[in-house]
Ligand SMILES: [Ca+2]
Ligand SMILES: [Ca+2]
């Protein structure tokens, strides 16, 4: 193409110099003759014919020239358009980071150009007016500063509450926690640690003795059984474990116990549902394209409420709907665990460069909706909200376990009464001070008090953000390259498939 364009001016030059060349009729000039029209030498009487043929030739070249120029313009336009298209495919969202080049993503390749909005609490009791739906203003009240916790009455309409409960029933709810008998033997076999090693791991304060709370914490995490100090004393007595009767287990006393002695004892005695960490049923409702309009509306409203980039809300877990029967509870826990350098996030697992045995759900924000007003109990308790200090050990004193929502909800610093349509939301992580996710907020520990009368329905919307910005950006890039159907069905989270126990318990 370029050669065509170049050739035309050359020919034009030849035409302009026609007359002098024509006069110079030296034999040496014969080499150029084929380029010249044969009529040149007879210009005097055939000038009209020659002019016409010249005109035709010139016009042909001229047209070729114009066509080439247009083609070139098209080419330039098309190539830059393609580049734009590639770039917009790479960009996970308008507010999102964009890879600097199209090389395979690697560390430090994503420039951090997005900052997470964090709503200011100002002070407890502060009310701010927020616009979440057209033609309506909601009031958002600060309930605590540690964790940063807000309450929005009337966030959902009565109809929306009803539809969400009905959709959950239609889908079917499953037990939130299975009874412990299943799989216990495998667990025991898996544990390839000596009694000394286990003792050292359980001895959190490393004083060479196992205090009650050290055993209790372990039991909750590992077995999902909620032991009370009395249960434990009962087990000690049944197994004659605490031989010197000082209420503590020494290494010698611990060594005499079998690995699964506590579990065997409990299973023989029987474990009731009320002794589990949680006693409820739940299901998940997708909120993407094709979902019920009410579910999509709720997602949009959550995006407006949290003021986060919509893509982060879109790529988060589906809506979880939970039903507590009378007697149901959920002992105090964190929705998401601490994140250490070696910890991965469940939602960005696909984008992680390495696999890790340490994984948490990285739920930056919890939005909890009350779908009905509960007749008795069922409050959401924040045992240490706005405490002056946080001391993990003091959560479980010998006889007062602040995490026990069946017994000690009345000792919690803050309790939210379930009111139909009200939403509460809080940040499970602090800010890193640079607009991204920081450390876990230990004050965000919370639980569901026992329902003393009636049934309790709630829904949870978690917003998953990886504290590792690069992993989050890689994940978003990965998802943006998938066909939408796959994104909706497989790539986004199905928490019950991705993880057996998505709830981190203390
Ligand atoms: Ca100890
Ligand atoms: Ca002892």
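Here are some notes:
- FRET E, pair residue 178, residue 326, Förster distance 22 Å, beta-carbon r, rounded to 0.05: 0.60
- Sorting 249-260, 199-210, 276-287, 338-349 by average packing, meaning the other beta carbons within 10 Å per residue, from highest down gives 276-287, 338-349, 249-260, 199-210.
- Here's the picture: a label point sits 7 Å out from the Cα of residue 193 along the beta-carbon direction, and within the stretch 329-359 the residues with their amide nitrogen under 20 Å of it are 337-344, 356-359.
- Residues of the stretch 331-359 falling in the label zone of residue 234, defined by backbone nitrogen less than 19 Å from a point 7 Å along Cα to beta-carbon, are 331.
- Here the spin labels are modelled as points 7 Å beyond Cα on the Cα-Cβ line, and at residue 268 and residue 355 they lie 3.9 nm apart.
- Prolate/oblate/rounded call for the stretch 271-399, Cα gyration tensor, a/c under 1.5 rounded: oblate
- Working from label points 7 Å from Cα in the Cα-to-Cβ sense, the residue 159 to residue 478 distance is 4.0 nm.
- Residue 166/residue 419 FRET efficiency (R0 25 Å; Cβ-Cβ; nearest 0.05): 0.80
- Förster-model FRET efficiency, 45 Å R0, residue 221 and residue 136, C-beta, rounded to 0.05: 0.55
- Taking every alpha-carbon pair under 8 Å whose residues sit at least 6 apart, the stretch 186-275 reaches a relative contact order of 29 percent.
- Distance between the pseudo-spin-label points of residue 124 and residue 250 (7 Å out from Cα toward the beta carbon): 4.5 nm.
Bear in mind these aren't lab numbers, they're just calculated from the coordinates by the rules spelled out. Computed from a predicted structure; not experimentally measured. Cβ sites come from the backbone with ideal geometry, for glycine too, and all protein chains shown count toward neighbours.
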